[in-house]
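The structure appears right after this line, and notes come after that.
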Amino acid sequence: MKEFFGTQMPKLGFGLMRLPRLEDGKTIDVEQCEIMTDKFLDAGMRYFDTAYVYEGSEEAAAKFLVNRHPRDSYYLADKLNASSWAAKSADEARRELQVSLDRTGAGYFDFYLLHALSADSLKYYDEYGIWDFAAKAKEQGLVRHVGFSFHDHPDVLDKILTEHPEVEFVQLQLNYGDWESPSVCSRENYEVAVKHGKPVVVMEPVKGGLLANPPKQVQDILRAANPDASIASWAIRFVASLENVMVVLSGMSNIAQMDDNLSYMRDFQPLNSDEHAAVERASKTLASIDQIPCTGCHYCTGGCPQQIDIPSIFSAVNKNMVYGDLAGAKRSYAMATNGDHGKASDCIHCLQCENACPQHLPITSLLEKAADTLE
């Protein structure tokens, strides 16, 4: 997998879902994004990834990327989400492509993905005719290559790739924390993509940031193997070392993260056998620690009638579960539930969050436990 569509693809991609924000917590810090983008491109990297549902991301990308760099100097990936929480009809789903083109000003997308496919959401893409819509968009030159991102089990992935051999690539959640997970199925899904000969774009390589700051016992294993390597570098290099991986998306949120990633991905070297063994030990140790496997994607929050900041609440819960820091967890919970944000106990069990969650978490019951522990 050294080449993709005849073009050399640098291994590191810039995921634009977790862009830096200003002090208000909402406005994207375009100035910092400009610096990060310039560093990324100067290092020879090319792949940027956004989506219709990444709030503010497409508009910001127009400012820090599209308006400042030649169109042929980068690849831009975008996504169409036809799920019930993102689109109410076929027309609304199809309209997303033009809206994304307008927001970014990119003219076309190098890679266009059907977003977050699963057994539950697949019906919308089928019923709305999105497969044919994407193919037509490719014929029209609005997109160059069509694929999909995926959150489900390998039998579902195999079914989709069997029924849609025209798909050119797939985007999967791969990381060493989920490699043998019975719910995420990183390894098994990767093997299905390999079987079908599809290049893989990796999302969540650091599991929403968890693998950049895992529990101490995990960090101890990795530091013993190489005290000079950043903890996050192990996660990125693990998936970048997989033969069928085209590019690894890192949702970088500040210049320091960009600098760290470029320090080892500019001249990428796959893991050697000793490093693989260290990651395997780290993976097994991490799996033994109970925690909520939330990646902080915030897909669950957009339609929450109680405006509950679910990922931040789960992060607070994990601070207690993983690190035994109940006082710190309560402080984090208080911050997550201040202002307009609802408390965990405000949940009315409408289940829209569970329908949107790519990790298929039992969110409502987890919120009940959070309320019992932290309120």
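Coordinate-derived values only; no laboratory data. The model shown is predicted, which means the values in this text are computed figures rather than measured ones. Ideal geometry is used to build each Cβ from the backbone, glycine not excepted, and the neighbour counts take in all protein chains shown.
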If one builds a Gaussian network model of the chain from Cα atoms under 10 Å apart, the most fluctuating residue listed among Ala119, Ala256, Ala87 is Ala256
Evaluated at q = 0.17, 0.24 Å⁻¹: base-10 log I(q)/I(0), Debye formula over Cα of the stretch 1-73
-0.66, -1.16
Two-site FRET efficiency, Ala135 against Ala287, from Cβ-Cβ distance with R₀ of 35 Å, rounded to 0.05
0.30
CD proxy, 222 nm, the chain: helix-only mean residue ellipticity via -39,500 (n - 2.57) per DSSP H run with n ≥ 4, per residue, nearest 500, stands at -12500 deg cm²/dmol
In whole percent, the Cα-Cα distances of the stretch 284-338 spread across 10 Å bins from 0 upward as 25, 47, 24, 4
Do any chymotrypsin sites (Phe, Trp or Tyr not before Pro) in the stretch 235-344 lie in a DSSP loop with no more than 16 other beta carbon atoms within 10 Å, and if so, which?
Phe268
At a Förster radius of 22 Å, what calculated FRET efficiency corresponds to the Cβ-Cβ distance of Asn254 and Glu280, to the nearest 0.05?
0.15
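Please report the relative contact order for the chain, taking Cα pairs under 8 Å with a sequence separation of at least 6, and give it as a percent rounded to a whole number.
Relative contact order, the chain: 15 percent.
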Computed over the Cα atoms, what is the radius of gyration of the stretch 155-257 divided by 2.2 N^0.38 Å, N being its residue count?
1.16
Return the percentage of antiparallel bridges among DSSP beta bridges fully within the stretch 3-287, rounded to the nearest 5 %.
10
For the stretch 198-214, 3J(HN,Hα) per residue [Karplus equation, 6.51 cos²θ - 1.76 cosθ + 1.60, θ = phi - 60°, Hz, x = Gly/Pro]
9, x, 10, 9, 9, 10, 6, x, 10, 6, x, x, 4, 7, 8, 8, x
Simple label model, 7 Å out from Cα along Cβ direction - Asp102 to Arg223, nm:
5.2
Would you please give the FRET efficiency between Arg71 and Ser263, computed as 1/(1 + (r/R0)^6) with r the Cβ-Cβ distance and R0 = 30 Å, to the nearest 0.05?
0.60
Using only the Cα atoms of the stretch 208-297, build the gyration tensor, take square roots of its eigenvalues as a ≥ b ≥ c, and label the shape rounded, prolate or oblate: rounded if a/c is under 1.5, else prolate if a/b is larger than b/c, else oblate.
rounded
By the Cα gyration tensor axes a ≥ b ≥ c (a/c under 1.5 gives rounded; else a/b larger than b/c gives prolate, otherwise oblate), the shape of the stretch 1-150 is oblate
Where GluC sites (Glu not before Pro) fall in DSSP loop in the stretch 152-186, at most 12 other Cβ within 10 Å
Glu166
Below 8 Å, C-alpha to C-alpha, sequence gap of six or more: please give me the relative contact order for the stretch 332-375 in percent.
41
Of the listed peptides 13-20, 272-279, what is their order by residue-averaged count of other C-beta atoms within 10 Å, with the highest listed first?
13-20, 272-279
